[in-house]
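Inspection log for the structure reproduced underneath, given as structure tokens.
Every read-out reported here was derived from the displayed coordinates using simple, explicitly stated rules and does not represent laboratory data. This is a predicted model, so every value here is computed, not measured. Cβ placement follows ideal geometry from the backbone for every residue including glycine, while neighbour counts extend to all protein chains displayed.
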Amino acid sequence: MYAWGSTIHGELGLGGIEDEHVLVPRPLEWFGASSVIEAACAETHSLLLTKDGKVYSCGNNDFGQLGHDQPRKRPHPVTGLDAYQINHVSCGLAHSMALNQWGQIFTWGSDAQGQLGHQLGQVIQATPKILKNLATVHIIQIACGQKHSLALSSGK
């Protein structure tokens, strides 16, 4: 796995490098790099999905979009998804989504525009929460925009 571009917030997962920008692809030297099957990038954070269904995140965590307690310059496991086999991940500007093997969606991060879909009135959801409104619908694809989210179901 390789990363390049802005690393001001640690979004590349390369660790504590001094450069603000990495101008050429650089290998990600992290124990799980060889098992990554999907990556999602936003402005200041990234999600990495491994072949065993685990999700890791790195970068800015101002709105809880990493799914754990602090910003990280190296990939760190997302809290609360260990019991699930995650199949897909997506990143918005400051929110994140994951889709498990049963077609259920988890969202976390900024909910300033309702992009998490929980109707809780919370501005920040710092840990993944299942999207109950769609819990009985089999979702097959997810996508995040800057401040919005989409889900494609198998039946509609």
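Roughly how many whole Å is it from the C-alpha centroid of region 74-132 to that of region 14-65?
A separation of 17 Å, based on Cα centres.
Can you give the convex hull volume of the alpha carbon atoms of the chain per residue, in Å³? List each step's numbers first, then the result.
Numbers: hull volume 16.0 nm³, N = 156.
With only Cα atoms used, the chain gives 103 Å³ per residue.
Please report TYR2, TYR56, TYR84 as a ranked list, fewest other C-beta atoms within 10 angstrom at the top and most at the bottom.
On the way: TYR2 11, TYR56 25, TYR84 19.
Ascending Cβ contact count within 10 Å gives the list TYR2, TYR84, TYR56.
Of THR7, THR44, how do they rank once you tally other Cβ atoms within 10 Å and put the fewest first? Write down the numbers at each step before the final one.
Working: THR7 23, THR44 20.
Ordered by Cβ neighbours within 10 Å, fewest first: THR44, THR7.
Note down the nm distance, to one decimal, between modelled labels 7 Å out along Cα→Cβ at VAL137 and at THR79.
Inter-label distance under the simple model: 2.9 nm.
So, in nm, how far is label HIS148 from label THR127 when the simple model puts each one 7 Å beyond its Cα toward the Cβ?
3.1
Tell me which residues come under 5 Å, amide H to amide H, from ASN60 once H is placed; ignore anything under 5 positions away on its chain.
Residues meeting the amide H criterion: GLU11, HIS45.
Could you tell me the number of lysine pairs in region 2-153 with C-alpha atoms less than 20 Å from each other, where the two lysines are 8 or more residues apart or belong to different chains?
Values: LYS54/LYS73; LYS54/LYS129; LYS129/LYS147; LYS132/LYS147.
Lysine pairs, 8 or more places apart or on different chains, close enough: 4.
Taking H placed 1.01 Å from N in the peptide plane, check which residues at least 5 places from ILE124 or on another chain put their amide H under 5 Å from its amide H.
Here ASP111 satisfy the definition.
How large is ³J(HN,Hα) for each residue in region 79-92, as worked out from phi by the Karplus curve 6.51 cos²θ - 1.76 cosθ + 1.60 (θ = phi - 60°), to whole Hz, x for Gly and Pro?
My calculation for region 79-92 gives 6, x, 10, 4, 7, 10, 8, 8, 10, 8, 9, 8, 10, x Hz in order.
Relative contact order, percent, of region 2-153 when contacts are C-alpha pairs under 8 Å separated by at least 6 residues?
Values: 401 pairs, mean separation 27.3, N = 152.
Value for region 2-153: 18 percent.
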